[in-house]
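Just below is one structure, and these are the notes that go with it.
The values are calculated or read from the model by the stated rules, or taken from the named source; none is laboratory data. Since this is a predicted model, take the numbers as computed values, not measurements. As a convention, Cβ positions derive from the backbone with ideal geometry for all residues, glycine included, and neighbour counts pool all protein chains shown. Keep in mind that these areas ignore ligands, DNA and RNA; they rest on the heavy atoms of the full protein, side chains included. Shrake-Rupley method; radii C 1.70, N 1.55, O 1.52, S 1.80 Å.
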Amino acid sequence: MVAADPGLAVARTWWSAGRIVSKNPSDAVIATMREVADALEAKVQGDDGEYYDA
C-alpha cells in the first residue's frame, strides 16, 4: 500500500518514538495515512491533538 503510493514516496516522513511523523502533509498524504492507520488499527493525530478519522 505505502510503496505503491506515489504521494507517500515524495512525502517527508520519519519514524520517531514509535510514531510515523510527517511535516505539513498534503490532504492526499493524510488520506493515505488514514488508510494505513486503519489497516494497523492505529490513529492519525494532528499537532494540536485532533484525530483524523479513517
*Starting from segment 30-54, keep only residues that are loosely packed, with under 15 Cβ neighbours inside 10 Å, then list their pairs with residues that are part of a loop (DSSP other than H, G, I, E, B) whose Cβ atoms are within a distance under 6 Å, requiring at least 6 positions of separation or different chains.*
38/54; 51/43
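Within segment 25-54, which residues are assigned to a loop (DSSP other than H, G, I, E, B) and either within 19 Å of residue 14 (Cβ to Cβ) or of a type in the set (D, E, K, R) (or both)? Give the derivation first.
Filtering segment 25-54 for residues assigned to a loop (DSSP other than H, G, I, E, B) gives 25-26, 40-43, 46-50, 53-54.
Those that are assigned to a loop (DSSP other than H, G, I, E, B) and either within 19 Å of residue 14 (Cβ to Cβ) or of a type in the set (D, E, K, R) (or both): 25, 26, 40, 41, 42, 43, 46, 47, 48, 50, 53.
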*asked:* As an exercise: evaluate residue 8 against (1) open to solvent by 50 Å² or more (accessible area, probe 1.4 Å); (2) at pLDDT below 85 and give the number of the one condition it does not meet.
replied: (1)
